[in-house]
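First up is the structure itself, then whatever we jot down about it.
Here, each number is a calculation from the coordinates, and none is a lab measurement. Worth saying up front: this structure is predicted, and the values here are computed from it rather than measured. Quick reminder, even Gly has a Cβ in these numbers, built from the backbone with ideal geometry, and neighbours come from all protein chains shown.
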Amino acid sequence: LNDPFLFVDMHKAVERIKKAAETHEKVCIHGDYDVDGITATALLARFMRKIGITADTYVPHRLNEGYGLSGDGIRKICENGTTLLITVDCGITSLKETALANSLGMDVIICDHHQPKDELPPALAVLDPLKPGCKYPFKYLSGAGVAFKLAQGVAEKIGRRDMPLKYLDLVALAGAADIVALVDENRVLVR
């Protein structure tokens, strides 16, 4: 598997999560309502809880809120005392919503695999293999694949390198359901 620290901003994301663990902050994992988004949310929430972080999850209601981040969702998350918001399988085009989260006192880490627009959200860290300048060599991870890479980065930093491997079933499910190309690293993760 490729080194997670080849992602632009991975060091920033890992350090921020490490700080959240040390200072007992409340973290919220915001996912998407498809299989990739739900498995990515479950993977990262389980991982965060395993390393001692209080991690809530938020998946928007498909009919009432629609896809991705929303102002109402951001406000609900903030009301629960969240200081660090991590998106999975969404967020790469959420400029206004990320700015709102920042204005409400939350740091934001975006983990996405969708095509970014010309302007990136004003997040603390943006992890997306399609982000301009990203040196991560494999560009076709699922959203859960990107979440897994974040977990790998954190696990490496805290000296528990093999810990994320227990969540590969979720990455495999996302890879199959999201119809990402089963080549290169995706093939390894699904296998």
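Observations, loosely collected:
- Approximate spin-label separation I179-D72, in nm, with each point projected 7 Å along Cα-to-Cβ: 3.0 nm
- Placing a pseudo-label 7 Å from each Cα along the Cα-to-Cβ vector at K50 and K166 gives an inter-label distance of 0.5 nm.
- Cross-link partners for K135 among the aspartates and glutamates, with Cα-Cα distance under 14 Å and sequence neighbours closer than 8 places in the same chain left out: D3, D9.
- Residue-averaged 222 nm ellipticity for the chain, from DSSP H runs of 4+ at -39500 (n - 2.57), nearest 500: -12500 deg cm²/dmol
- Cα gyration tensor category, rounded, prolate or oblate, for segment 1-89 with a/c compared to 1.5: oblate
- When each of K19/K96; K96/K157; K12/K166; K131/K157; K96/K166 is checked by Cα-Cα distance, pairs over 29 Å: K96/K157; K96/K166
- Difference of contour (0.36 nm per residue) and Cα-Cα distance, K12 to K135: 42.8 nm
- Potential extension, D118-A99 segment - 0.36 nm per residue separation minus Cα distance: 5.2 nm
- Short-range pairs are left out: with C-alpha atoms under 8 Å and at least six residues apart, the relative contact order of segment 1-121 is 24 percent.
- Rounded if a/c under 1.5, otherwise prolate or oblate - segment 130-186, Cα gyration tensor axes: oblate
- Note on K50: aspartates and glutamates with a C-alpha under 19 Å away, same-chain residues under 8 apart excluded, are E15, E22, E25, E156, D162, D169.
- In sequence order, segment 50-64 has phi-based couplings of 5, 9, x, 9, 6, 10, 8, 10, 9, 10, x, 6, 3, 8, 7 Hz under the Karplus curve 6.51 cos²θ - 1.76 cosθ + 1.60, θ = phi - 60°, and Gly or Pro positions carry x.
- If you take the Cα centroid of segment 143-191 and the Cα centroid of segment 27-68, the two points sit 16 Å apart.
- Most mobile listed residue (G175, G143, G73) in the chain, GNM with C-alpha springs under 10 Å: G73
- Partners for K26 among aspartates and glutamates (Cα-Cα distance below 13 Å; same-chain residues under 8 apart left out): D56, E79, D107
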